[in-house]
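Just dropping this structure here.
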Amino acid sequence: MTIRIISALAAAAFLAQPAAQAQGAGQAAFRWPDGARAAVSLSYDDSLDSQLDTALPTLDKYGLKASFYLELSGQSVGRRMAAWRAAAVRGHELGNHSLFHQCSGSLPGHQWVRPERDLDTLSVAQMAAQVRLGNTMLAAIDGRRERTYTVPCGDTMALAPGGRASYLPAIAGEFVAMKTAGGQAVTPSMGGLDPYAVTVLAPEGLSGKQLIALVREAGERGTMVNFTFHGVGGDYLVTSAEAHEELVRYLAENRKTYWTDTFLNIMTYVKKQK
């Protein structure tokens, strides 16, 4: 499912706030490739059918590359593996979203978490082993080795000696970068960005204009904006197909201003600049 969802009403309130100065006082502007003002990461979680049926054709129509984070036990991974493999061949990223989308069932609002997929019952070592296995499975699909990770639900605490601990330090070495928390689409400062704690927004019900406003804010700041979609025109946590295409079309028409690429490619570039 999602890291965190922001409603259209909350988004409108957020967008009404003035943008901060780019990069903060005294910081040099971050240099994006080919003079772009900002980077845009379009990502899609949970390996949903609507992503293959609606989001991917739209991305390909406008010539943009994106990242798809597969829940590797998801039905569409086995049933439509050829389609996921073909997406990778066309230049899209297949990212790791764990084997079973383990979230913490004890947290408020997580009554939907199935007992056999409850992060509360797994040790750090068990979760880390499963995430590594996910990378092996992804390599069998696309033949690639470099990978990024999106944390299911943003939940990180697993069983450890003496109580609970985050499993992220145990897997960080397996990834170029990780998206670990939600609620914030636009990176405030590239200088302060931790590649292993990148924030994202999981939009639900936002209009194309609201999504584009966030892209423009990233351009004003000179940073990056990270969207993590789920359903596109169907499934759950839905962004309408029309809003999604309006955003993608805008990015294609302004590709010299906004560098839209896979999260892997963006973060590989960012890390080389540090």
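At R0 = 35 Å, how high is the FRET efficiency between R90 and R114 if r is their beta carbon distance? Nearest 0.05 is fine. Present the calculation step by step, with values, prior to reporting the outcome.
On the way: r = 34 Å, r/R0 = 0.96.
Using R0 = 35 Å, I get an efficiency of 0.55.
Stretched out fully, how many nm does the piece from A29 to Q126 gain, at 0.36 nm a residue minus the Cα gap?
Values: separation 97, 0.36 × 97 = 34.92 nm, distance 4.16 nm.
Length gained between A29 and Q126: 30.8 nm.
Which FRET efficiency value, to the nearest 0.05, is calculated for R164 and A83 with the Förster distance at 45 angstrom and r the Cβ-Cβ distance?
Details: r = 38 Å, r/R0 = 0.84.
The value I calculate is 0.75.
From the phi of every residue in the stretch 265-273, what ³J(HN,Hα) in whole Hz does the Karplus formula 6.51 cos²θ - 1.76 cosθ + 1.60 yield, where θ is phi - 60° and glycine or proline is x?
Once rounded to whole Hz, the list reads 5, 5, 6, 4, 5, 4, 5, 6, 7.
Also: Quick one: 3J(HN,Hα) in Hz for the stretch 78-83, Karplus 6.51/-1.76/1.60 with θ = phi - 60°, rounded, Gly and Pro as x.
After applying 6.51 cos²θ - 1.76 cosθ + 1.60, I find x, 6, 10, 4, 4, 5 Hz.
So in the chain, what percent of DSSP beta bridges are antiparallel if you round to the nearest 5?
For the chain, the DSSP antiparallel bridge percentage is about 15.
With the chain treated as a Gaussian network of Cα nodes joined by springs under 10 Å, which of T223, T257, T150 yields the largest mean-square fluctuation?
Ranking T223, T257, T150 by mean-square fluctuation puts T257 first.
Which of the lysines could be linked to K272 by a straight reach, that is with a Cα gap under 30 Å, when you skip same-chain ones fewer than 8 residues away?
Result set, ordered by chain and number: K65, K179, K256.
What stretch of the chain, leaving out the sites themselves, is the longest with no chymotrypsin sites (Phe, Trp or Tyr not before Pro) in a DSSP loop having at most 12 other Cβ atoms within 10 Å?
On the way: sites that count: W112, Y236.
So the longest stretch without any such site is 113-235.
For a quick check, take a GNM of the chain with Cα springs below 10 Å and name the residue from S106, S98, S207 with the largest mean-square fluctuation.
S106
Can you tell me which of H230, H101, H110 moves the most in a GNM of the chain? Springs connect C-alpha atoms under 10 Å apart.
So, out of H230, H101, H110, the one fluctuating most is H110.
Efficiency by 1/(1 + (r/R0)^6): what FRET value for R144 and L107, r their Cβ-Cβ distance, R0 = 35 Å, to the nearest 0.05?
0.60
Non-local amide H neighbours of A158 (under 5 Å, H modeled in plane, Pro and chain starts lacking H): which ones?
Correct list: A165, S166, Y167.
Also, quick follow-up: Could you give the length gained by full extension between L133 and K209, i.e. 0.36 nm per residue of separation minus their alpha carbon distance, to one decimal place?
Numbers: separation 76, 0.36 × 76 = 27.36 nm, distance 3.95 nm.
23.4 nm is the gain from fully extending L133 to K209.
With θ set to phi - 60° and the Karplus curve 6.51 cos²θ - 1.76 cosθ + 1.60, what are the ³J(HN,Hα) couplings of the stretch 50-59 in order, to the nearest whole Hz, using x for Gly and Pro?
5, 5, 6, 7, 10, 5, 4, x, 5, 4
No lab work stands behind these numbers, since they all come straight from the coordinates. Remember, predicted model here, so these are calculated numbers, not experimental data. Cβ sites come from the backbone with ideal geometry, for glycine too, and all protein chains shown count toward neighbours.
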